[in-house]
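The values are calculated or read from the model by the stated rules, or taken from the named source; none is laboratory data. Because the structure is a prediction, the values reported are computed rather than measured. All Cβ positions, glycine included, derive from the backbone under ideal geometry; neighbour counts span all protein chains shown. These accessible areas exclude ligands, DNA and RNA; they are computed on the full protein's heavy atoms, side chains included. Shrake-Rupley method; radii C 1.70, N 1.55, O 1.52, S 1.80 Å.
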Amino acid sequence: MTTSELTLPQAEPQAGKKRGPSRRVMGAGKQLHAGPVTYLVLAVFALVSLAPLVWTAIAASRTDHRLAETPPPLWFGGNLFKNMQTAWDEAGLGTAMLNSVIVAGAITISTVLFSTLAGFAFAKLQFRFSGFLLLLTIGTMMIPPQLAVVPLYLWMADLGWSNQLQTVILPTLVTAFGTFFMRQYLVQALPSELIEAARVDGASSIRVVWHVVFPAARPAMAVLGLLTFVFAWNDFLWPIIALNQQNPTVQVALNSLGTGYVPDQAVIMAGAFLGTLPLLIAFILFGKQIVGGIMQGAIKG
């Protein structure tokens with residue numbers, strides 16, 4: 001009788017002990033599948049969200065006479081590229097696009113950088129009056145931005161910056177919302193023990209920020225950067241006051257298409273569609289990384 005033929009007696013399970021993994025443990029690794037109702041709701045929300053953009057493209061591809069008819073057109077026409085070319089030439093969108101990229105890019109980089117540093121200070125550093133300063137920062141969000149237009153314009157005029165891009169960039173180098181957003185994220189996502197370990201290893205404050213804070217805050221920085229870029233690109237109130245048609249951003253340039261005795265609605269829609277394209281391209285190129293960063297931050301949290 002060989003060893004392989006021997007059978008060892010199996011021990012009887014003891015009372016009160018589980019015989020195998022519970023159903024909850026066995027199903028912990030399974031993916032949740034959405035039902036048809038979930039897909040239906042998501043499809044409705046997607047259609048409602050895309051409807052304004054689709055209508056803008058449809059109107060941009062038609063003539064002004066056709067848009068005035070009833071019922072309005074519900075499908076694309078053949079004048080899209082012609083109207084886009086007209087809007088590009090009449091509004092000077094080449095210069096406006098370049099200015100908007102400079103303004104939105106500078107505002108985004110500075111806001112993400114300074115808001116992360118300020119949020120880290122409020123979240124993890126101990127200094128006097130930190131609570132009061134945080135409340136003061138949050139309180140500035142309660143002030144309507146329209147109240148600051150006149151003193152801000154006088155200040156920029158005294159600096160000799162009228163009709164220059166730094167007039168639009170300087171007031172939004174850092175925002176209270178960005179500071180509060182990064183502070184709330186770093187409170188949970190950045191363990192204090194990690195900072196102390198870096199200090200024990202002899203890391204300076206700059207190395208702690210660069211090698212510890214920035215990697216931990218990367219998901220929130222991506223979200224804040226996207227929100228800031230969209231806001232800066234679409235901002236109209238302050239640029240229309242600080243700039244003119246010789247040195248405009250996209251929104252200021254599009255304002256010139258609505259002037260005249262009978263504005264061409266199709267050309268206006270074509271200009272609006274052109275002004276939206278850079279945001280769509282940016283989200284298509286970087287949307288996956290941004291969503292991935294959000295999910296990574298959610299899993300870590």
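Tabulated results
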quantity	calculated
Histogram of C-alpha separations across the range 101-169, 10 Å bin width, %	16, 32, 37, 14, 0
For the range 115-131, Karplus couplings with θ = phi - 60° (6.51, -1.76, 1.60), whole Hz, Gly/Pro x	5, 5, 5, 5, x, 5, 4, 6, 7, 10, 9, 9, 8, 5, 6, 5, x
Pair Ser49, Phe231: separation of 7 Å Cα→Cβ label points (nm)	2.0
Vicinal HN-Hα couplings computed from phi for the range 53-60 (Karplus, 6.51 cos²θ - 1.76 cosθ + 1.60; Hz; Gly/Pro x)	5, 5, 5, 4, 5, 5, 5, 5
Solvent exposure of the range 47-201 as accessible area per residue, Å², 1.4 Å probe	61
Packing-based ranking, highest mean first, of 155-162, 138-145 given that Cβ atoms within 10 Å are counted	155-162, 138-145
Rounded FRET efficiency, nearest 0.05, which uses the C-beta distance separating Ala68 from Leu40 and R0 of 45 Å	0.80
Simple spin-label estimate for Val200 and Leu98 in nanometres, 7 Å along Cα-Cβ	5.5
Packing-based order for 119-132, 230-243, using average beta carbon neighbours within 10 Å, highest first	230-243, 119-132
With every protein chain in place, the range 78-193: carbon and sulfur % of accessible area (1.4 Å)	70
Alpha carbon centroid spacing (whole Å) that separates the range 65-89 from the range 199-241	40
Bins of 10 Å, starting at 0 and running to the largest distance - Cα pair percent for the range 196-244	22, 28, 21, 19, 10, 1
Full-stretch length increase - Ile241, Trp155 - with 0.36 nm per residue and alpha-carbon distance subtracted	29.6 nm
Rg/Rg_ref, the range 58-145, where Rg_ref = 2.2 N^0.38 Å and atoms are Cα	1.97
Phe214-Leu113 pseudo-label distance in nm [points 7 Å out on the Cα-to-Cβ vector]	1.0
